[in-house]
Amino acid sequence: MADSSLLPFRSGSRSNWVRLRTVTAVRWIAIVGQLTAITVAQRLYNLDLEVGLCYLIVGLSVVGNLIAVFVLPQNKRLTEQENLWTIMFDLLQLSALLYLTGGLHNPFAMLLLGPVTVSAAVLSLRSTVIIGGTAILSASVLMENHLLLKTTSGLVLRSPDVFMFGTWVAIVIGVAFISVYTRRVTVEMSSMADALQATQMALAREQKLTDLGGVVAAAAHELGT
């Protein structure tokens, strides 16, 4: 019979692995990356962006991180729902930035796979399906609805429709493949860790019994003497 613990869609939750400190650290990295990309695109490549709205959306992440840092304990381990809403916020924030910067014409659109990967690694199947479905929906909306990506001189930067469709297909396939593969690997790692812990507990119990047997034998010897 196949080991059910190795099924790729095992429903056991691993969300309580993640600490708030890890989430805030990763989000700070994302914030710095987003600000750098906006600044470079505007000043180096002379792209005509809605800079005010872009900074506003990035600012929402900054405010959320500041609240998490100064209000909540950093060693707090997030629950399933807290992790789901955190990843959902990051996904929607990224989608809003992509809407302002060309949609799927923006090469950074592939970053939509990031929240899906995190969800598949730490959340339940239900939450992973929600995040994956939201990512696909976002990609579908961004393919047709977005602000044009253009330079200050008026040159519109637009990929051919066939490339746009290819990007959308790549994102959809990536969401499905990464979700299944990441969950499979994570579940196997969890199973190995559980097996190792059970083995260590059994060895510790056996050692205690051995020590107890030695004490009993010594006591019997003293009584016999």
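Quick rundown of the values:
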quantity: Meets criteria (of a type in the set (Gly, Ala, Ser), in contact with a Ser or Thr (Cβ under 6 Å, 6 or more places away or on another chain), open to solvent by less than 80 Å² (accessible area, probe 1.4 Å) and closer than 22 Å to VAL122 by Cα) for SER95; calculated: yes
quantity: Residues of segment 152-175 satisfying the condition of being more than 30 Å from the chain's Cα centre (by Cα) and of a type in the set (Ser, Thr, Tyr); calculated: THR152, SER153
quantity: Cβ pairs under 8 Å, 6+ apart, first in segment 141-168 and of a type in the set (Lys, Arg), second modelled with pLDDT under 90 and open to solvent by 50 Å² or more (accessible area, probe 1.4 Å); calculated: LYS150/ASP48; LYS150/VAL156; LYS150/LEU157; ARG158/LEU148
quantity: Complete set of residues in segment 106-121 that are open to solvent by 20 Å² or more (accessible area, probe 1.4 Å) and among the aliphatic types (A, V, I, L, M); calculated: MET110, LEU111, LEU113, VAL118, ALA121
quantity: Top-ranked residue of segment 1-49 - restricted to ones that are assigned to a loop (DSSP other than H, G, I, E, B), open to solvent by less than 90 Å² (accessible area, probe 1.4 Å) and among the hydrophobic types (A, V, I, L, M, F, W, C), ranked as modelled with the highest pLDDT; calculated: LEU49
quantity: Set GLY132, GLY102: member being on the phi > 0 side of the Ramachandran plot, open to solvent by less than 10 Å² (accessible area, probe 1.4 Å) and touching a residue at least 12 places away in the same chain (Cβ under 8 Å); calculated: GLY102
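The values are calculated or read from the model by the stated rules, or taken from the named source; none is laboratory data. Given the structure is predicted, the values throughout are model-derived calculations rather than measurements. We place every Cβ from the backbone using ideal geometry, glycine too, and count neighbours over all the protein chains shown. Keep in mind that these areas ignore ligands, DNA and RNA; they rest on the heavy atoms of the full protein, side chains included. Shrake-Rupley method; radii C 1.70, N 1.55, O 1.52, S 1.80 Å.
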